[in-house]
Amino acid sequence: NTSDIPKLSVIFPMLPDMEPLVAFPLVLPIMTAAGVRGTMFIATGNGTWILPTAVGGESLCLMDSGTAHDLILDVTAGDTMRLKGTEQADGVGITNTAGTTTGDFVCVVAVAANKWSTVGMGGTWASQ
């Protein structure tokens, strides 16, 4: 039942008059250490993407491909994000909320345990 899910991003119905098969909430902690080894995540709308705890060597890119442009690439407590060479506070991610362009992207790499760093970006990204 879709009313059981407070925030929906996508629903895939099978046929008219049938119950939806899949529903994705806007905030998905779906990134896992195994899934962030050179992966490109493509966001089709606003949302929060939560990075797993940095171990070292993980990498990914997040790109805005929708018409809503408020993306957050978040870190968990105990991890930091270095944005353009400046380390943010513990547990503080980055956002492109000032951006208005489809195609904004950011690429990050885990440079050490508990330390993420941006290595490339397009658009406007700032501390969350």
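Taken together, the values in this text are just the output of simple stated rules run on the coordinates, not laboratory data. On a predicted model such as this, the values are computed, not experimentally measured, just so you know.
For S65 and A113, the difference between the fully extended length at 0.36 nm per residue and the C-alpha to C-alpha distance is 14.3 nm.
Working out 0.36 nm times the residue gap between T101 and A77, then minus their Cα-Cα distance, what length gain in nm do you get to one decimal? All intermediate terms of the calculation are to be shown ahead of the outcome.
Values: separation 24, 0.36 × 24 = 8.64 nm, distance 2.95 nm.
Here the answer is 5.7 nm.
Couplings 3J(HN,Hα) for the range 117-123, derived from phi with the Karplus relation 6.51 cos²θ - 1.76 cosθ + 1.60 (θ = phi - 60°), are 9, 6, 10, x, 6, x, x Hz, where x marks Gly and Pro.
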